[in-house]
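Worksheet: the structure to be examined is printed underneath.
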Amino acid sequence: MHRRSFLRTVGGGVISAATAATLAGCSSALPPEAIAAWQGPGNEPDVRRWILAHAILAPHSHNLQSWLVDLSVPDEITLFIDRSRLLPETDPFSRQMMMSQGTFLELLDQAARQRGQRAEVTLFPEGVFAPTTVDARPTARVRLVADASVQADPLFSQVFRRRTNREAYEPRVPPTQALQAIAASTAGGAWRTGFVTTAEAAALAEHRRIAKEAWRIELTTPRTVLESFKVLRVGPREIAQHRDGISLNDPMVRALTALGLFDRSVAPAADDQATTGQLTEFNAHIDGTPAFYWLVTEGNDRVTQVNAGRAWVRAQLAATAQGLSMQPISQALQEYPEVAVPYREIHALLDAPAPRHTVQMWARLGYAPAIEPSPRRGLDAHIVKA
Ligand SMILES: Cc1cc2nc3c(=O)[nH]c(=O)nc-3n(C[C@H](O)[C@H](O)[C@H](O)COP(=O)(O)O)c2cc1C
């Protein structure tokens, strides 16, 4: 779901924004402890911890941060997926989860290079997961080897600046040279990436139509809405307590929650203002987005998914370096039955018919106002206790 301003309009305007702000104490800044990880590891002497303190800043679907690491073998990091943090309704085959393991590995690799370490990554060292489930075996084993010849990655400088930006984007189209820099950041991989901009009006209109329809479906399918509700963190107390999920900190939502007017155990009806208000805002953002990015793979095995995640964070870092923002719009890429038509349509539009091809990522791209980083649980929450 990924909405910051969820339920801004719920309650039919019963409470004014000003009243809500007063009730909730006004500030919409995130609690400092929730975003402390973005201060970085400082002079952390343990090189693995230093590296991992960067990896946990990776993007993850619904900000679930489903990363567990075992550090019991010296010079090694074994990565597992935290199976208590999955999204079975919207990500039934854990494809996005695998991509989110990939984003972590990419930042790990970049941070290792920064410290003169070569990260030798072996994916699925005890065997690859089945196509539809994940299990207790590791996703990756990483051996760190000191190597004076490793090259730093210029994208590393963007790790602390990268954000998933869900604001309205400016109408100006990113220049060709910026698009080329984003494409170049993942050149040579086993995927195809591309862009559509206002220069291709008919195609852009189709992108917008499919994105809006898929979002409408997700928001009006009770079980997919409820899945997002489970990871909503409303207000500073919940945000600081969980430091994951979808943070909602605007005064109106906080006030409605405090007044018991936002029941997260019930999916709002399709004509409820909670739904229509969100759709209106999302549609406006989509209609105002001047460019979209996509990443397509041939095949969709687990290794391909992890590597697509690595590519995605590289593209987002490259966009950041260009002063651009990105926001994934995953709804039409999801594999649950209700969204099958938009799924087929986006694959056809990108000349990537399924099942041979998979659109692994589709994202808004443009210039956007600066925003705060999103919460992180902190490194210790990810380390498997011996
Ligand atoms: C595979 C994948 C799918 C994602 N899908 C969406 C999406 O559909 N909508 C959205 O707003 N953000 C999406 N995100 C972004 C995450 O919500 C975001 O990474 C997370 O909230 C952490 O925020 P950050 O990227 O600013 O650090 C996705 C991220 C990944 C890795």
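Using a 10 Å cut-off around each Cβ, can you sort Ser72, Ser330 from fewest to most neighbouring Cβ atoms?
Ascending Cβ contact count within 10 Å gives the list Ser72, Ser330.
Just grab the label-to-label distance for Gln39 and Glu126, each label 7 Å out from Cα along the Cβ direction, in nm (one decimal).
Between Gln39 and Glu126, the label points sit 3.6 nm apart.
Which percent, nearest 5, of DSSP beta bridges in the chain are antiparallel?
In the chain, approximately 85 percent of DSSP beta bridges are antiparallel ones.
How do Arg243, Arg264 rank when sorted from fewest to most other Cβ atoms within 10 Å of their own Cβ?
Going from sparsest to densest Cβ surroundings: Arg264, Arg243.
Set Lys and Arg Cβ to +1 and Asp and Glu Cβ to -1, take the dipole of segment 184-242 about its Cα centre, and tell me which of Gly235, Gly188, Val225 lies farthest positive.
Toward the positive end, the furthest listed residue is Gly235.
Determine the shape class of segment 240-342: with a ≥ b ≥ c the square roots of the Cα gyration tensor eigenvalues, call it rounded for a/c under 1.5, and otherwise prolate if a/b is greater than b/c, oblate otherwise.
Here segment 240-342 falls in the prolate category.
Set Lys and Arg Cβ to +1 and Asp and Glu Cβ to -1, take the dipole of the chain about its Cα centre, and tell me which of Gly40, Ala58, Leu333 lies farthest positive.
Projecting each Cα onto the dipole axis, the largest value belongs to Gly40.
Using helices alone, I'd like the mean residue ellipticity at 222 nm for the chain: each DSSP H run of four-plus residues gives -39500 (n - 2.57), total over residue count, nearest 500.
Computed mean residue ellipticity for the chain: -11000 deg cm²/dmol.
Hey, can you grab everything whose amide H is under 5 Å from the amide H of Ser325? Only 5+ residues off in sequence or another chain; H modelled, so Pro and N-termini drop out.
Gly366, Tyr367, Ala368
How fast does segment 200-298 diffuse by Stokes-Einstein, in µm²/s, taking the Kirkwood radius from C-alpha pairs at 10 °C and 1.306 mPa s?
Stokes-Einstein gives a translational diffusion coefficient of 103 µm²/s.
Could you list Lys230, Lys385 in order of exposure, starting from the residue whose Cβ has the fewest other Cβ atoms within 10 Å?
Lys385, Lys230
If R0 is 22 Å, what FRET efficiency do you get for Thr280 and Arg209 from their C-beta distance, rounded to 0.05?
0.90
Build a GNM of the chain with springs between Cα atoms under 10 Å: which of Val73, Val303, Val159 gets the top mean-square fluctuation?
Comparing Val73, Val303, Val159 in a Gaussian network model of the chain, the most mobile one is Val73.
So what J values fall out for segment 187-196 if you push phi through Karplus, 6.51 cos²θ - 1.76 cosθ + 1.60 with θ = phi - 60°, rounded to Hz, Gly and Pro as x?
Whole-Hz 3J(HN,Hα) from phi for segment 187-196: 4, x, x, 8, 7, 10, 10, x, 9, 10.
Would you grab the residues whose amide H sits under 5 Å from the one on Ile246? Only those 5+ places off in sequence or on another chain, please, with H modelled 1.01 Å from N.
When sequence neighbours closer than 5 places are left aside, the close amide H contacts are Leu232, Arg233.
Using the Karplus curve 6.51 cos²θ - 1.76 cosθ + 1.60 with θ = phi - 60°, work out ³J(HN,Hα) for each residue of segment 311-324 in order, rounded to whole Hz, and write x for Gly and Pro.
5, 4, 5, 4, 4, 5, 5, 5, 4, 4, 4, 8, x, 9
What is the set of long-range amide H partners of His357 at a cut-off below 5 Å, with H atoms built 1.01 Å from backbone N?
Long-range HN contacts for His357: Gly299.
Need the C-alpha centroid separation for segment 162-199 versus segment 53-74, integer Å.
26
Assuming 1.306 mPa s and 10 °C, estimate D for segment 324-370 with Stokes-Einstein, Rh taken as the Kirkwood radius over Cα pairs, in µm²/s.
137
Kindly write out, for segment 64-69 in residue order, the coupling ³J(HN,Hα) from the Karplus curve 6.51 cos²θ - 1.76 cosθ + 1.60 (θ = phi - 60°), rounded to whole Hz, with x marking Gly and Pro.
Running phi through 6.51 cos²θ - 1.76 cosθ + 1.60 with θ = phi - 60° gives 7, 6, 7, 10, 10, 10 Hz.
By what distance, in whole Å, do the Cα atoms of the chain stretch along each of the three principal axes, largest value first?
Computed over the chain, the largest-to-smallest principal extents equal 62, 45, 39 Å.
Here, each number is a calculation from the coordinates, and none is a lab measurement. Source: prediction; values computed, not measured. FYI the Cβ positions are ideal-geometry reconstructions off the backbone, even for glycines, and counts take in every protein chain you see.
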